[in-house]
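Report on the following structure.
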Amino acid sequence: MGSGLGGLVQPRAPKRSLFKKLFDTAKTGVATSRSNLGSGADLARPSPFSRSTTAVSPATSGMSSMTGLGSSSVERNAAKEMGLGSGVDWVQVRRDINRSNSLSKIERHERQDRCQMLDHPALNPVDELYQGAEGDEGANGMPVDDPIDYQSINLSQVDKSTRFSSSLPPLTTAVTLATSYVCRPYRSDVQRMRAIFSWVSERIAWEEDFEGEIDTRRVIQSKRACAEEYAVLVMEMCAAVGIECEVVRGYLKTPGETPDFGIMPRSNHWWNAVLVDNEWRMVDCCLASPSNPRRHLYSGAGNSAADSWWFLTRPTQLCWTHIPEHHEQQHICPPQAHEVLLNLPCACSPYFKNMMQMVDYNTSLTRIEDLEMVHIKFNVPADVEVAAEVEVRAYSRDQDGDVFESGEMVKKRALAQAEWSNGYKRYTVKALLPGDEGQGVLKIYAGKRGLMHSIKDIPHPMAFALPITHTGENPPYDFVTRHPTPHAQRHDIYVVQPQCQRLALNNTFVFAIRQHPSSAIVDSIMTPASNPGCASPIPFARPSSAMSMTASSASGSNPSTVSGNKPAKLAIQTPAGKILRLMRKDDRKGIGVGGRNTRDEEGSDGGTWETIIKCSEKGVWRGLVLADRTARWCVFAEWVCLG
């Protein structure tokens with residue numbers, strides 16, 4: 001009754017809509033979280049040396065690395081308001097997600113400009129070599145038009161006969177050895193050269209360099225030689241059978257070493273240049289010898305036989321590891337600058353045997369700061385698979401707290417994934433150092449597809465190595481675990497996102513997977529050839545909002561009539577075992593996901609399958625692909641969700 005006196009009532013506050021309440025709560029949570037981040041004191045970060053030298057489980061390392069920003073109770077409350085509910089900071093979650101984003105052209109140019117400002121080389125050595133060199137030198141001093149592939153010639157009979165040659169009398173000279181024993185049964189220069197190569201490499205044991213006069217009779221008698229004695233003995237034996245030969249002095253690069261800018265290192269090796277079939281070729285019996293302690297750095301050959309890669313090697317291939325002191329002994333038309341050769345990747349025989357090709361390689365890509373990563377791309381044939389890892393020297397602390405090298409090596413797996421671009425199979429390798437070591441070596445291994453059955457070991461030999469130099473802060477980071485799929489070989493799978501291993505509980509993530517047939521197929525339903533005028537979606541850009549993502553049927557709109565072209569079925573498995581199917585994403589013309597223009601990123605062939613998942617379960621989330629011949633799932637990727 002009192003409320004209606006004189007027709008007047010007490011005013012009431014208007015009702016707030018549900019959406020306005022949610023919006024205000026979200027703004028309050030963001031503001032609270034940002035204020036807590038801005039006012040937080042400098043928190044101590046665990047020592048990188050202890051992190052890199054102690055073996056920890058993925059779950060343990062993830063917990064230790066993701067509690068750096070949410071230590072206070074106020075921050076934990078703010079995180080709960082943001083939906084994290086576990087003290088894991090949302091800024092760190094997004095930082096890890098976006099840290100592995102592929103570089104745009106602008107970002108690549110920024111790295112080059114930064115290296116030039118700091119007086120570090122920012123060269124394209126591979127492009128400069130192939131653009132500047134016309135070919136290997138011939139007998140007339142001109143480039144060789146059609147070089148002979150001596151690696152494809154079967155010379156096993158020559159090797160076998162040389163190994164069973166009779167014992168030599170005392171005081172045998174190099175001339176007698178070549179004419180009366182080693183080269184006597186053969187008539188062609190290639191066979192004679194192979195006999196000399198096999199005998200010297202396998203019969204003479206390596207020893208340290210020494211200062212003194214070179215005596216090949218002593219070498220033949222003692223069966224021991226240093227690098228220079230190897231080269232002189234080969235030269236004298238070649239001269240005895242009429243093969244033109246030179247002793248080359250130069251620098252042998254170590255895989256992963258950082259070259260000095262503008263300085264040619266002091267010579268540390270000797271090898272030979274020979275003229276066979278009117279072509280200049282290189283021979284290194286010292287490095288081919290199984291007794292050489294450094295051979296394992298360059299070769300995966302057996303311990304009893306010589307490595308035939310160093311027999312009649314093309315000059316344009318040997319220069320990736322051997323740099324002659326004198327330009328005329330390169331036997332490349334025209335000779336290349338020492339600076340270009342020093343900055344080439346240290347490439348070994350698998351690089352050339354597997355016909356690998358570097359793509360847009362610049363030396364600035366291996367010098368990184370803070371949250372940056374090394375990004376390397378190269379093309380390979382369809383039947384080649386690649387693995388990569390980073391190797392650094394381990395550190396320890398003594399009782400006084402001083403840091404020193406322990407003598408051990410720490411290895412961290414890099415992310416190597418295959419995709420297809422313009423009909424070529426292209427690998428993208430992303431890598432970073434395990435901790436704050438400052439320097440490391442990125443090693444790329446390559447071999448025939450299908451030989452890798454587990455991530456525990458790498459069956460392939462090293463193809464090439466690159467140095468990594470890092471400055472600044474390097475928070476803990478692990479890539480998504482990629483498993484080989486020997487039972488699902490018809491498609492190459494590329495994890496677009498997330499590429500980090502650790503996921504935060506109660507966060508929403510877009511799982512995007514790109515796939516393409518593992519062999520080049522014309523007019524496949526997953527290639528741009530079937531959809532002219534439309535660019536493939538960019539595999540690297542991440543969406544600005546999960547709500548803006550759209551998906552289509554997993555079977556696609558254009559079903560193929562060829563079973564080999566049919567897309568593989570992809571899914572995500574939760575820790576509880578539930579399987580969530582990935583749906584194919586529609587191609588978008590011009591603009592890919594996240595709104596990044598195609599001019600900033602190279603388009604890729606194939607299609608993208610994706611789904612949006614809120615990770616509400618702790619444990620291991622798995623990426624699944626259906627096997628080729630059975631109705632079973634194969635695990636190709638693993639993420640770890642932490643609370």
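The numbers here are math on the coordinates, done by the rules we state, and not lab data. Bear in mind the structure is a predicted one, so any value in this text is a computation, not a measurement. Here Cβ is always computed from backbone atoms with ideal geometry, including for glycine, and neighbour counts include all displayed protein chains.
Distance between Cα centroids, segment 241-295 to segment 139-161: provide it in whole Å.
After rounding, the separation between the Cα centres reads 18 Å.
Tabulate in residue order the Karplus-calculated ³J(HN,Hα) for segment 176-186, using 6.51 cos²θ - 1.76 cosθ + 1.60 with θ = phi - 60°, rounded to whole Hz; enter x for Gly and Pro.
Values, residue by residue: 5, 4, 6, 7, 9, 10, 6, 9, 4, x, 10 Hz.
What fraction, in whole percent, of alpha-carbon pairs in segment 332-476 exceed 21 Å separation?
49
Among residues other than Ile220 whose Cβ falls under 11 Å from its Cβ, what is the net charge (Lys/Arg +1, Asp/Glu -1)?
+2
Work out the length of the dipole vector of segment 125-342 about its Cα centre, built from +1 on the beta-carbon of each Lys and Arg and -1 on the beta-carbon of each Asp and Glu, and round it to the nearest 20 debye.
Computed charge dipole of segment 125-342: roughly 1220 debye.
Can you give me the relative contact order of segment 125-342 as a percent, contacts being Cα pairs under 8 Å and 6 or more apart?
Relative CO of segment 125-342 lands at 26 percent.
What are the chymotrypsin sites (Phe, Trp or Tyr not before Pro) within segment 156-199 that DSSP puts in a loop, where the Cβ has at most 12 other Cβ atoms within 10 Å?
Phe164
For Leu371, what charge total do you get from the other residues with a beta carbon under 11 Å from its beta carbon, if Lys and Arg give +1 and Asp and Glu give -1?
Spelling it out: positives minus negatives among the neighbours equals -3.
Using alpha carbon centroids, what distance separates segment 200-214 and segment 415-473, in Å?
Between the Cα centre of segment 200-214 and that of segment 415-473, the gap is 36 Å.
Please report the spacing between the Cα centers of segment 296-357 and segment 612-627 in Å, no decimals.
Cα centroid to Cα centroid, the span is 45 Å.
Tell me the Rg and the Dmax, in Å, that the Cα atoms of segment 411-518 produce.
For segment 411-518, the Cα-based Rg and Dmax read 15.4, 42 Å.
Here is the link list: Lys353/Lys425; Lys430/Lys618; Lys456/Lys585; Lys353/Lys411; Lys253/Lys443. Which ones come out longer than 23 Å on Cα distance?
Violating the 23 Å Cα-Cα cut-off are Lys430/Lys618; Lys456/Lys585; Lys353/Lys411.
Using just the alpha carbons, could you tell me how many Å³ per residue the convex hull of segment 125-342 encloses?
Per-residue hull volume (Cα only) is 125 Å³.
Using a simple charge model, +1 on the beta-carbon of Lys and Arg, -1 on the beta-carbon of Asp and Glu, nothing else, what dipole does segment 363-442 show about its Cα centre, in debye to the nearest 20?
That gives segment 363-442 a dipole magnitude of about 560 debye.
Can you pull out the trypsin sites (Lys or Arg not before Pro) in segment 248-319 whose DSSP state is coil and whose Cβ has at most 11 other Cβ atoms within 10 Å?
The qualifying sites are Arg266.
Taking θ as phi - 60°, what are the ³J(HN,Hα) couplings along segment 333-350 by the Karplus curve (6.51, -1.76, 1.60), each to the nearest whole Hz, with x for Gly and Pro?
9, x, x, 9, 5, 4, 4, 5, 5, 5, 8, 5, x, 6, 9, 9, 4, x
Give me the net charge for the shell around Gly577: Cβ to Cβ below 11 angstrom, other residues only, Lys and Arg +1, Asp and Glu -1.
+1
Is segment 217-343 best put as rounded, prolate or oblate by its Cα gyration tensor, with a ≥ b ≥ c the root eigenvalues, rounded for a/c under 1.5, and otherwise prolate when a/b is larger than b/c, oblate when not?
Taking the square roots of the gyration eigenvalues as a ≥ b ≥ c, segment 217-343 is oblate.
Convex hull over the Cα atoms of segment 87-228, averaged projected area in nm²?
18.9
Taking a cut-off of 12 Å between Cα atoms, list the aspartates and glutamates near Lys160, but don't count ones fewer than 8 places away on the same chain.
Glu202
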